[in-house]
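To start, the structure itself, in structure tokens.
Where a number appears in this text, it was derived from the coordinates with a stated rule and is not lab data. In this text, all values refer to a predicted model and were calculated from it rather than measured experimentally. Positions of Cβ are backbone-derived with ideal geometry, glycine not excepted, and every protein chain shown enters the neighbour counts.
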Amino acid sequence: MKRKSPPRWQIALLLCICLIAVATPLLPLANFSTMQPQQTLVAPQITTAPYLGTDAQGRDMLARLLWGARISLSVGLFGTLVALLIGVPFGAVAGLGSARRDNILMRVADALESIPMVVFILFMLSILQEYRIELASIGFGRLQLFFFAIGLLFWLPTARVVRAECKRINKMGFVDAARSQGMSQWLLFKRHVLPQLWPSIGSMLIITLPRVILMEAFLSFLGLGVEAPAVSWGRLASDGMATLNPLVDAGWLLYLPSLALVGCLLLFQSLARWARDYVNLDA
């Protein structure tokens with residue numbers, strides 16, 4: 001089967017979004033958390049500021065969207081890295097170990113996968129509430145805990161993919177040859193198995209990113225994610241939904257963050273589809 005070329009314009013657009021999010025503190029924007037009661041619910045006007053309007057507290061929506069992009073993309077990146085840092089070693093230990101060890105670890109994974117997502121998030125947040133002062137003393141606040149909790153939700157699919165790949169690689173001749181020479185399990189994994197895993201790890205990184213971003217938006221929309229004054233696209237959509245009523249025409253508060261979120265997810269999804277096909281062709 002012919003290998004598809006990577007989606008170039010989607011990659012270029014994603015890079016532009018990421019660069020703008022990184023450079024947001026350097027841009028000449030209004031303070032995203034400053035309230036201006038005299039400018040509440042100003043509609044978007046492309047020609048003059050505020051270009052994307054203001055919310056019910058008079059805060060600039062352009063600034064809030066760009067700062068929200070920083071949080072949403074940061075949660076996606078760091079949550080995905082946490083998922084990889086846990087899932088890759090777990091899957092490798094299961095896939096390269098004995099059948100008994102593999103069976104035990106997979107039953108542990110099945111048990112963890114049965115825990116409801118919202119219950120797990122509430123449990124993690126309750127830990128933060130109980131040990132808020134101790135965690136804050138080491139620079140670990142609600143946002144950092146949220147990064148970690150989101151990552152913990154997505155390490156199991158990564159572990160299963162890595163386990164399956166390790167089992168496939170473990171049957172190859174060069175692995176048997178290295179093992180017959182007395183190479184230790186760790187050295188075998190480092191020199192021979194891990195280089196073969198990089199395409200799968202890279203594809204899982206790309207596939208997991210949009211799922212983590214969507215999960216953050218969902219939890220923030222429910223009020224379980226980032227809290228004020230921090231903003232994310234999910235938090236902005238939640239605020240926009242709360243502002244809507246039949247007497248006030250403020251639809252931009254909902255559709256602006258929703259369009260930003262959906263557009264970014266579609267771009268990541270096209271890249272993830274290509275990554276999945278790439279790995280399947282190599283398998």
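Of all residues in the range 197-227, which are assigned to a helix (DSSP H, G or I), closer than 18 Å to Ala69 by Cβ and of a type in the set (A, V, I, L, M)?
Across the range 197-227, the qualifying residues are Leu209, Val212, Ile213, Leu214, Met215, Ala217, Leu219.
Looking at the structure I just gave you, is Asp55 more than 17 Å from the chain's Cα centre (by Cα), under 22 Å from Cys16 (Cα atoms), buried (at least 20 other Cβ atoms within 10 Å of the Cβ) and touching a residue at least 24 places away in the same chain (Cβ under 8 Å)?
no
Quick check: anything in the range 178-196 outside any helix (DSSP H, G or I), aliphatic (A, V, I, L, M) and surrounded by fewer than 21 Cβ atoms within 10 Å (Cβ to Cβ)?
Yes, the conditions are met somewhere in the range 178-196.
List the residue pairs whose Cβ atoms are under 7 Å apart, where the first residue sits in the range 6-19 and is under 16 Å from Pro210 (Cβ atoms), the second is among the polar types (S, T, N, Q) and in a helix (DSSP H, G or I), and the two are 6 or more positions apart or on different chains.
Pro7/Ser270; Gln10/Ser270
Considering each of Gly95, Gly79 in turn, give the residue that is surrounded by 18 or more Cβ atoms within 10 Å (Cβ to Cβ), touching a Lys or Arg at 6+ places or on another chain (Cβ under 8 Å) and touching a residue at least 12 places away in the same chain (Cβ under 8 Å). Can you show your working first?
Working: Gly79 fails: touching a Lys or Arg at 6+ places or on another chain (Cβ under 8 Å).
Checking each option against the conditions leaves just Gly95.
Scanning for something in contact (Cβ under 8 Å) with a residue 40 or more places away in the chain and under 20 Å from the mean Cα position of the chain (by Cα), does the range 237-253 turn up at least one residue?
No; the residues of the range 237-253 include none that is in contact (Cβ under 8 Å) with a residue 40 or more places away in the chain and under 20 Å from the mean Cα position of the chain (by Cα).
Within the range 121-141, track down each residue that is under 17 Å from the mean Cα position of the chain (by Cα) and surrounded by fewer than 19 Cβ atoms within 10 Å (Cβ to Cβ).
none
For Leu156, are the conditions met, namely being part of a helix (DSSP H, G or I) and touching a Leu at 6+ places or on another chain (Cβ under 7 Å)? It would help to see each step written out before you state the result.
Details: part of a helix (DSSP H, G or I): yes; touching a Leu at 6+ places or on another chain (Cβ under 7 Å): yes.
Against the criterion (part of a helix (DSSP H, G or I) and touching a Leu at 6+ places or on another chain (Cβ under 7 Å)), Leu156 qualifies.
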